[in-house]
Number of protein chains: 2
Amino acid sequence: MRKNWLSTNVAVVGEFDVITRYFSSLGSGEFVDLSVGDDAAALTVPPNSELIVSTDSSVLDTHFTDDVFPEDVGYKAVASAVSDLAAMGAEPLGMTLALTMPSVDDLWLHGLSQGLARGCHEYRLPLVGGDTTRGPLSLTLTVMGFCPRGEKLLRSEARVGDKICVSGCLGDAAFGLSVMQGNYRGSEVDVDDQEYLVGRFTHPKARLDLGCRLRQHATSCIDLSDGLLQDAAHVANASGVRFSIHSAAIPLSTALVSAVGEALALEYALSGGEDYELLFTLPPDSDVPDEVSVIGAVETGEGVYCDVMSREQGYDHFH
Amino acid sequence: MRKNWLSTNVAVVGEFDVITRYFSSLGSGEFVDLSVGDDAAALTVPPNSELIVSTDSSVLDTHFTDDVFPEDVGYKAVASAVSDLAAMGAEPLGMTLALTMPSVDDLWLHGLSQGLARGCHEYRLPLVGGDTTRGPLSLTLTVMGFCPRGEKLLRSEARVGDKICVSGCLGDAAFGLSVMQGNYRGSEVDVDDQEYLVGRFTHPKARLDLGCRLRQHATSCIDLSDGLLQDAAHVANASGVRFSIHSAAIPLSTALVSAVGEALALEYALSGGEDYELLFTLPPDSDVPDEVSVIGAVETGEGVYCDVMSREQGYDHFH
């Protein structure tokens, strides 16, 4: 713990200590030995496991605007951070929160804590420690999990001949963002579809359980945060192979296709980010899990190939 | 990993990826299985150990001003975060960095990376992962370490009769900050003393080795970030005891006493923060390590008692 370099005002420290009260109820769990309140937290990593750790920041005016509900900021911060654990095939251990705020806003904090709590419970990830600071609004979550030794999923082990697989439907989140920003293209969108699509952006689901089931099966894995083509390129480059993707096999939701038609839906799927689905490779003779689509095959070569052109930047970038 | 909620600009992502190049050389170490470059990092926690984890943010205009050298920002961010591991008696494993910057400033980043590198090497704490984001300047470090199971040092186990001990000299950092801010009281300060005192603020030493040596010996421990009286109160309250401190036994540097005289030096020691020394308790019959002073005894009761009054807020607050 440290205090302010510029101020030694006890009142400020006391005021910010209040914030921990919003979050201290989220700190217990199977692997937690010591939670919020000492110099650091203590966790048990099960024997013969590796610790898996990832850090993600959410910054006002970069990742969210000030009209986003604090519940949504909190929930999405957890889900997007947990998604990295999912991509490694990790089981959840716990997380820490560094929260920077210009002042203590009880209403906003209450909302944030509700969203964080929902994420904590859904992903079995207790909040075991943190730091609260005065400054421009941002959250940094560090999520920790574990994998049996040698079973973590990497980006670098895709092999020629593997099936390229993806969970869920793609493109919904990027279109949901367009709806929120009031600049989506296409005809009017059905109200229920619109709610579903916006929800896919504001409340993504991290595929933690699927990630765990893929251990000992998938040869590589990544979560889709930057868009299918970009993330596929990360895996292809790390593995020294080429990802060949069949556009007709890319899973699209009926809501998205209804909203914008198939061609534009495909563009959102190829280049839109934030779906937080898993992109992974399976050996040719492997069974494919439920709710997973095979969208192509790993070939010799490099980069990503897809049979359609896209007007979007992400696609051209890797074609 | 996640991208920007507001922008899907590939150039921005690419630009910020450059930053990882500044830090990727810092990522190897004894316990690191997988460093920067995949969805998450992987570390080995030794058998029969607990994972110890703490998060600390450094925010522009709250923790540092824009005229602080980026080397100093980086080094101090590491040292102050590591100090929490020291207070737990933990051995270092690794750390992650979440860096938020308004734009990519190569000169500043180079300096920051130099300071971080110095901290990484000094404390044997490789930088295994991170996140770079556009936004107001701040760093959040999450430090991870380990303790043999059951040996971590807590705030809550000080016992009546224990000796109250502190490492090093106190008050130097708070006075160093006063010098930097141009508002120190007292006569002119010797140039060498001034350099030493400012250095105690800008380049604190986390007592990682001492913390490890205290395992199985100290009954409680905390690092001094908020000032002796405040931090002593944290331990006293957590342990349900009273800390009785003899002012004459509080270690003061000759530089500080020369600069401001003994009475004011004592005030800095009691109420000034950021020394990052360890305050701990030892059973009555324990040997006292080198460079450690016994400053009082644990008694029945509550709070902190000291035999001198202080004009500073921190002291009155707990008297």
## Note on the structure
Counted residues in region A:203-224 being within 19 Å of A:Ser178 (Cα to Cα) and either in contact with a Leu (Cβ under 9 Å, 6 or more places away or on another chain) or surrounded by 24 or more Cβ atoms within 10 Å (Cβ to Cβ) (or both) come to 2
### Residue among B:Leu256, B:Leu266 that is in contact with a Ser or Thr (Cβ under 9 Å, 6 or more places away or on another chain), in a helix (DSSP H, G or I), in the same structural domain as B:Asn183 (by TED's automatic domain parsing) and surrounded by 21 or more Cβ atoms within 10 Å (Cβ to Cβ)
B:Leu266
### Message
Please count how many residues of region A:235-247 are out of contact with any Phe, Trp or Tyr (no Cβ under 8 Å at 6 or more places or on another chain), more than 10 Å from chain B (Cβ to nearest Cβ) and either within 13 Å of A:Met88 (Cβ to Cβ) or surrounded by fewer than 20 Cβ atoms within 10 Å (Cβ to Cβ) (or both).
### Response
4
### Query
Within region B:33-60, which residues are modelled with pLDDT under 90 and more than 28 Å from A:Glu30 (Cβ to Cβ)?
B:Val36, B:Gly37
### Query
Only one residue in B:Gly145, B:Gly130 is at the interface with chain A (Cβ under 9 Å from one of its Cβ atoms) and more than 18 Å from the chain's Cα centre (by Cα), so which one is that?
B:Gly130
### Query
Do you know which residues across region A:200-234 are in contact with a Lys or Arg (Cβ under 6 Å, 6 or more places away or on another chain), away from every other protein chain (no Cβ under 13 Å) and among the aliphatic types (A, V, I, L, M)?
none
### Query
Does A:Asp56 meet the test of being under 23 Å from A:Asp209 (Cβ atoms), buried (at least 17 other Cβ atoms within 10 Å of the Cβ) and either facing chain B (nearest Cβ under 7 Å) or of a type in the set (Asp, Glu) (or both)?
yes
### Query
Is it the case that A:Glu71 is of a type outside the set (Lys, Arg) and surrounded by fewer than 19 Cβ atoms within 10 Å (Cβ to Cβ)?
no
### Which numbered condition A:Ile164 misses (of (1) buried (at least 20 other Cβ atoms within 10 Å of the Cβ); (2) touching a helix residue (DSSP H, G or I) at 6+ places or on another chain (Cβ under 6 Å))
(2)
### Summary
Going through region A:60-80 in order, the residues found to be facing another protein chain (nearest Cβ under 8 Å) and under 21 Å from A:Leu224 (Cβ atoms) are A:Thr62, A:His63, A:Phe64, A:Ser80
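Is there a residue being at negative phi, part of a helix (DSSP H, G or I) and not assigned by TED's automatic domain parsing to the domain that holds B:Gly182 anywhere in region B:48-66?
No; the residues of region B:48-66 include none that is at negative phi, part of a helix (DSSP H, G or I) and not assigned by TED's automatic domain parsing to the domain that holds B:Gly182.
Scan region B:154-171 residue by residue and report those that are in a loop (DSSP other than H, G, I, E, B) and away from chain A (no Cβ under 14 Å).
B:Arg159, B:Val160, B:Gly161, B:Asp162, B:Gly168, B:Cys169, B:Leu170
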### Message
If I filter region A:277-286 for residues that are within 23 Å of A:Gly145 (Cα to Cα), modelled with pLDDT of 95 or more and among the polar types (S, T, N, Q), do I get at least one hit?
### Response
yes
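Considering only region A:248-263, I want to know if a residue exists there that is more than 17 Å from A:Met88 (Cβ to Cβ) and within 18 Å of the chain's Cα centre (by Cα).
No, there is no match, as no residue in region A:248-263 is more than 17 Å from A:Met88 (Cβ to Cβ) and within 18 Å of the chain's Cα centre (by Cα).
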### Selected residue [at pLDDT 95 or above and either surrounded by 24 or more Cβ atoms within 10 Å (Cβ to Cβ) or on the phi < 0 side of the Ramachandran plot (or both)] from A:Ala98, A:Ala87
A:Ala87
### Query
Taking B:Ala79 and the conditions (1) in contact with a strand residue (DSSP E or B) (Cβ under 9 Å, 6 or more places away or on another chain); (2) within 19 Å of B:His203 (Cβ to Cβ); (3) not in a strand (DSSP E or B); (4) not polar (S, T, N, Q), which numbered condition does it fall short on, given that it satisfies the others?
(1)
### Counted residues, region B:297-308 - those being surrounded by fewer than 24 Cβ atoms within 10 Å (Cβ to Cβ) and either at positive phi or in contact with a helix residue (DSSP H, G or I) (Cβ under 8 Å, 6 or more places away or on another chain) (or both)
6
### Query
In region A:109-125, what residues are outside any helix (DSSP H, G or I) and either buried (at least 24 other Cβ atoms within 10 Å of the Cβ) or free of Cβ contacts under 8 Å to residues at least 40 places away in the same chain (or both)?
A:Leu125
#### Entry: Which numbered condition B:Gly301 misses (of (1) in a strand (DSSP E or B); (2) in contact with a Lys or Arg (Cβ under 7 Å, 6 or more places away or on another chain); (3) at pLDDT 95 or above)
(1)
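The values are calculated or read from the model by the stated rules, or taken from the named source; none is laboratory data. Just so it is clear, the model here is predicted, and its values are computed rather than measured. Neighbour counts are summed over all protein chains in view; Cβ atoms, including those assigned to glycine, are modelled from backbone coordinates with ideal geometry.
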